[in-house]
């Protein structure tokens, strides 16, 4: 009975782990997709999400931040988004980082503003505020960012692979009758290959 219980527990744990990994991969792919669409380097977006929530949409902070990018619902609402929606949370987090980057002009200051708020960065003359939590936040994300630039996440690799359009179905024969003789003509069309080149990001 004990062996059966242990076996059952192991199976449940294995299935749960596989489902959890699948969910994380889906979230990573969504982050990469929105990053590319918004012109943000997927490596920095993935690094922020890892540091903020470990890619867990159910994550909640004591301060009220929610989701993969730990957005405050009020912040998301100002952007016209719903922080409790996975898709909106990801878009909102990337959008907020991009806005901070445009405001301060560097990754470190953008991350400082993301963590401590833009007001605190301005209060210290556009420098990283002397908060231990903010400094740890920046160091952790920059370390992960450089790691991903050297060893890209599979989600980044998949997004940069050339994609080929599926070949068109063979056209139906065109049948015509000329002088009581049947003529059959098959229109031949070659499939088109569409190659998507990897994008270069400055943010």
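For the condition within 10 Å of the chain's Cα centre (by Cα) and either at pLDDT 60 or above or loosely packed, with under 14 Cβ neighbours inside 10 Å (or both), residue 11 does not qualify.
For the stretch 121-142, the candidate set comprises residues that are outside any loop (DSSP other than H, G, I, E, B) and free of Cβ contacts under 8 Å to residues at least 12 places away in the same chain; within that set, the residue that is farthest from the chain's Cα centre (by Cα) is 123. Number of residues in the stretch 60-77 that are assigned to a loop (DSSP other than H, G, I, E, B), without any contact (Cβ under 8 Å) to a residue 40 or more places away in the chain and surrounded by 22 or more Cβ atoms within 10 Å (Cβ to Cβ) equals 3.
In the stretch 80-106, of all residues being assigned to a loop (DSSP other than H, G, I, E, B) and either touching a residue at least 24 places away in the same chain (Cβ under 8 Å) or out of contact with any strand residue (DSSP E or B) (no Cβ under 9 Å at 6 or more places or on another chain) (or both), the one that is farthest from residue 48 (Cα to Cα) corresponds to 80.
How many residues are more than 23 Å from the chain's Cα centre (by Cα) and not in a helix (DSSP H, G or I) if we restrict to the stretch 108-120? The number of residues fulfilling the criteria is 0. Taken together, the residues in the stretch 116-141 that are surrounded by 16 or more Cβ atoms within 10 Å (Cβ to Cβ) and within 23 Å of residue 24 (Cα to Cα) amount to 3.
In this entry, residue 42 passes the filter for residues that are touching a helix residue (DSSP H, G or I) at 6+ places or on another chain (Cβ under 6 Å) and either under 28 Å from residue 127 (Cα atoms) or modelled with pLDDT of 95 or more (or both).
The values are calculated or read from the model by the stated rules, or taken from the named source; none is laboratory data. All figures in this text were calculated on a predicted structure; none of them were measured in a lab. Cβ coordinates were reconstructed from backbone atoms using ideal geometry, including for glycine residues, and neighbour counts include every protein chain displayed.
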